[in-house]
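Written out below as structure tokens is the structure these notes cover.
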Amino acid sequence: MTLDSLVRPNILRLTPYTCARNEYTGEALAWLDANENSRIDGLNRYPDPLQLEVKRRLAEIRGVTPDRIFLGVGSDECIDITYRVFCRPGIDNVVAIDPTYGMYRVCADINDVEYRTASLNDDFTVNEENLFNLVDENTKVLWMCSPNNPTGNALPIDDMLRIARRFQGITVIDEAYIDFSDKGSMVQYLDTLPRLIVMQTFSKAWASAAMRLGIAYASPEIIDIFNKVKYPYNINILTQREALNVLDRADKVAAVAKELVEARDRLASQLESLSAVKRVYASDANFLLVKVDDADALYAWLRDAGVIVRNRCRVHLCAGCLRITVGSDNENRLLIEKIEEYDRR
Ligand SMILES: *Cc1c(COP(=O)(O)O)cnc(C)c1O
């Protein structure tokens with residue numbers, strides 16, 4: 001299917017807002033085009049609407065070209081804009097693996113788009129038949145997340161490739177946790193899959209959740225459409241500057257991600273030795289999905305002890321489960337101590 005037949009007709013026809021900084025990007029002696037206040041220095045100038053410096057650095061690090069990168073206010077904006085570009089409210093639908101990250105459904109609801117869920121297998125791999133049974137001529141987007149939240153596992157690359165080739169709409173792979181995984185990124189397949197979108201974020205391995213910066217990688221054609229639809233100056237100058245600082249620390253970030261993975265594996269074996277813990281699922285992320293004897297009771301016990309974890313026991317396929325982020329050494333020690341106290345109570 002062509003891209004044009006997937007994009008909402010009003011978006012295809014859209015004449016975007018042209019901001020002053022889009023029209024002229026060179027050096028000038030006098031900037032008198034944007035009604036800014038040139039008598040007070042600081043944040044007085046509009047930022048680069050296309051964030052080209054940030055994209056150039058990120059492109060080098062990730063091995064893509066800058067025209068394949070869209071930057072949003074968190075993955076939140078990347079998720080929402082996907083609905084706004086491809087899904088006609090009240091008509092189109094999307095299919096998502098289940099369980100997965102909650103924002104795909106929230107954004108579907110906000111945009112009045114039907115959200116269909118395809119249960120994962122018991123081992124948290126994708127059930128391709130469940131998934132394609134839900135696809136019809138109005139299914140525009142397929143949501144997968146790898147490593148998946150809250151299950152923690154990376155989906156096999158071969159499964160994702162086969163599904164992305166077979167599905168005639170837009171396949172999104174959310175790679176928020178990719179830097180903790182040794183299973184490889186889908187970014188390398190963007191060239192061969194023109195309807196693939198890969199999402200990443202500065203919120204996890206890059207340790208910049210407060211910055212609110214998310215990334216969508218896709219074909220230059222999709223990126224062009226996203227750029228037309230986004231708010232003209234969606235990424236402010238403070239975020240752009242800080243993103244460049246963070247990207248300069250890429251080596252440190254990779255080293256800390258490796259430390260977190262080692263800490264995760266230590267934490268997993270410590271948890272397995274506790275009697276409240278029934279099972280620790282394999283993780284390719286910086287958190288663990290842990291099946292316990294009584295999730296509500298242990299959750300409340302930990303909360304009252306000042307240790308906050310995520311209770312996922314009412315999530316599909318996650319009965320009895322808590323989701324636990326790998327923290328600092330002190331936080332992890334405290335967690336184990338408090339569960340030991342729970343075991344002895
Ligand atoms: C944490 C997380 C994100 C990050 O969202 P931001 O808006 O970038 O902070 C995205 N996707 C998944 C699956 C996550 O768990």
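FYI, it's all coordinate maths here, none of it is from the lab. It should be emphasised that the depicted structure is a prediction, and the values quoted were computed from it without experimental measurement. Cβ coordinates were reconstructed from backbone atoms using ideal geometry, including for glycine residues, and neighbour counts include every protein chain displayed.
Structural remarks
- The calculated FRET efficiency for ASP109 paired with LEU29, based on their beta-carbon distance and R0 = 41 Å, is about 0.20.
- Rg over Rh [alpha-carbon atoms, Kirkwood Rh] for the chain: 1.01
- Listed residues ILE157, ILE324, ILE235, most fluctuating in the chain (Gaussian network, C-alpha, under 10 Å): ILE157
- Protection proxy ranking, highest mean first, for peptides 219-228, 280-289, 58-67: 280-289, 219-228, 58-67, where packing is the per-residue count of other beta-carbon atoms within 10 Å, averaged.
- Evaluated at q = 0.08, 0.12, 0.14, 0.19 Å⁻¹, a Debye calculation over the C-alpha positions of segment 1-145 (equal weights, vacuum) places log10 I(q)/I(0) at -0.35, -0.71, -0.88, -1.22.
- Folded to 0 to 90 degrees: helix 220-229 orientation relative to the chain principal axis, Cα: 80 degrees
- Where only alpha carbons of segment 147-235 are counted, the Rg and the Dmax (Å): 13.8, 38
- Computed over segment 251-343, the P(r) tail beyond 16 angstrom holds 51 percent of alpha carbon pairs.
- Distance between modelled label sites at LEU161 and ASP191, nm, 7 Å Cα→Cβ extension: 1.3 nm
- Cys residues of the chain that find no other Cys beta carbon under 4.7 Å: CYS19, CYS78, CYS87, CYS107, CYS145, CYS313.
- GNM flexibility winner over the chain from VAL315, VAL187, VAL172 (Cα, springs under 10 Å): VAL315
- Alpha-carbon gyration tensor eigenvalues x 5, square-rooted, for segment 68-112, Å: 17, 14, 9
- Cα-Cα pairs of segment 94-252 separated by more than 21 Å (percent): 49 percent
- Listed peptides 51-57, 95-101 by packing density, highest first (mean Cβ within 10 Å): 95-101, 51-57
- Relative to the dominant Cα principal axis of the chain, helix 329-344 is inclined by about 40°.
- Added length on full extension, which subtracts the Cα-Cα distance from 0.36 nm per residue, ASN245 to LYS183: 19.6 nm
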